[in-house]
Structure formats: C-alpha cells, structure tokens
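Any read-out appearing in this document is the output of simple, stated calculations on the displayed coordinates, not a laboratory observation. Given the structure is predicted, the values throughout are model-derived calculations rather than measurements. Neighbour counts run over all protein chains shown; Cβ positions are idealised from the backbone, glycine included.
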Amino acid sequence: MKRSQIILIAGSTVCLLLCGGAGWFYADALSAEGRARAERDGKNRELENIYKSNPFPNRENTSQVREDLEALSVWAAGMHALCASNNLAASTDINNPISLSQHIQKNVPLLVTASNRQARRVPDTFTFGFDRYLPPSNIMPDRDHVERLALQFTMMELVVRHVMSTDIQQLAEFSREVFEDRGGAPGQRPQPGPGADISKIAGSERFTLRFTARQDVLQNLLNRFSATPAFITVTSVRATKVNPSDLVMPAADLKAQVKPEDTPVKPGERLFPVEVLRVMSGPSVSSLLDITLEIDILTFFPTAN
C-alpha cells in the first residue's frame, strides 16, 4: 500500500473518531438541556399554582377553627377555675402583724406536740421554718408580709400533716422560702419557665424538708402529695443511706432474727408488716434513708390575665 493511501486512511480514522466524540458531547449537552428545561418548567408551574391559589382559608375551615378556639377557651377557663377552687387559703382572722404573731406562737407548739404523739420525731424547739417569729427572736412580722406569711403557715401545716401521717422516724429540717430578706414583695414568687408567663396564672411557695425513713414511706408520702386537692409539685428528691455500709443480710441470718408477731415494733416501723411476713424483702431489709424533698405549692389566681 502506498504511503499516500496509508496517510489518507489514518487521517480518515482520526476524523471519524473526532466526529464521534463531538457527537457524544453534543448528545449529552442536549440531554442536560432537556433535563434543565423540564426542571424549569416544573418550577414555573409550581410558582404559577402558588400565584393562582387562594391564600385565605375557606369559610368551612374558618368556622371550624373558630369553634375549636372557643372550645379550647372554655376548657382552659374551666380547668383554671377548678385549680383555683382548690387553692389553700389562710384564716381570715389573720389580718395584721399581731394576730399573725399570736397565731404562729400558738400553733407551732401544737404542731410539735401532734408530731410527737406516737413517737418522738421532732425536738421541742422545732420551728417549722418560722424561727424568726418565735422566741428568742420574737420579731414582729411586717404588715406588708402578713398575707403571704399566713398563707405559708397554712401550707406548712398541710405538708406537716401529710408527713406525720406517714411512718417517718425523724423530721430533721423544715424550711420555707424566706422572702422577707429580699425586700419582701407581698406577691407570691413567680415560676420562671418557657411558654406562657406563669406569673399571670399562678404563684408558688417553696418548702424544703429533710427526714429519715425507709423507701416505702417516701413512696407513700409522694402519693399523698399527688392525691391532695392542693396543687403540690415535687421539684427535687434526694435520698442517701443513713449508714452507707448498710447491706442486706443473708437469708439465713434474717430467718434467725424473726420475732413473734406480738413483739412491739420500733419507732418509725409501726406501719410495716410483721417481720415473719417480710424476711426476704421489704422494710426489714431496706436501708434507712436520709431524704430531702423540695416541693412547690401553687396558688392559682381567680382569673387568668
């Protein structure tokens, strides 16, 4: 084959390859252009539908939303009224510093006596958080603080009654929120939190109590708080063993300690089952706990602002 023919064939082959490559790139470009056009047309149709659509709800939906809003408003008002109807209220006779001071000094010793009726659970000098208004301080309450202090005292009495109705062994501490040292706004402490401003709905008072008891006593007390009509919320529970090294005894040792059913029970265990019924589990093998509770008692305003 002549040299000129070889060159012609090679040149033709290169041209065909170049044409084929160019054709492939052209087809790919057309395909991409088609996809872009289809996407553009689709977006245009969506935009046209948005422009042509009615942004306002139809009459049926508007009517339904209005009915739902009215129903929710009635439900919320009823719930608020129910909560407000269970508010704790201080005695109407406590309306000045002198009557409040007399009320505190009279009733705190009575609470101590009632608390120690079945077993000695508080010392005779226990003040339940009102020490500044009792001897030896005997501070006279400020007139602006009378209403809130009287309400705190009423709440304290409720909490103490619930605590002493359980089988605690000892009430070590009981404190209230001391607002007098902060300048003492007469209103109740608002609860900060997300959402609606709860200070427009309810106020609250915080109490902290520390006592020794077994686990079932703590559960019983929490159940009592949840069942009372007053709105009591438990914000913190801390419990530690009084004796950290206190371990459950082996079953053989427990059986050896079983006592007759008529054996007098120890203070703080009067509500427990007899030991013959609780050898393997229950209060006889549960450790004595040092328990600290923080609770808030809410007072709902008669009408929400």
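In this simple spin-label approximation, E60 and T92 carry label points 7 Å from Cα along the Cα→Cβ vector, and these lie 5.6 nm apart.
For the pair Y51 and R210, label points projected 7 Å from Cα toward Cβ lie 7.4 nm apart. Is the shape of the stretch 97-150 best called rounded, prolate or oblate, per the rule: a/c under 1.5 gives rounded, else a/b larger than b/c gives prolate, else oblate, with a ≥ b ≥ c the square roots of the Cα gyration tensor eigenvalues? Judged from the Cα gyration tensor, the stretch 97-150 comes out prolate (a/c at least 1.5, a/b above b/c). With a simple spin-label model that places each label point 7 Å from the Cα along the Cα-to-Cβ direction, the separation between A227 and D144 comes to 4.2 nm. Qualifying GluC sites (Glu not before Pro) in the stretch 1-99, where qualification requires a DSSP coil assignment and no more than 11 other C-beta atoms within 10 Å, are lacking entirely. Restriction of the trypsin sites (Lys or Arg not before Pro) in the stretch 37-117 to DSSP coil positions whose beta-carbon has at most 16 other beta-carbons within 10 angstrom yields R117. Projecting the Cα atoms of S99, S53, L149 onto the charge dipole of the stretch 1-149 (Cβ charges, centred on the Cα centre) puts S53 farthest toward the positive pole. Extension gain, A119-L82: 0.36 nm per intervening residue step, less the Cα-Cα distance, totals 9.5 nm.
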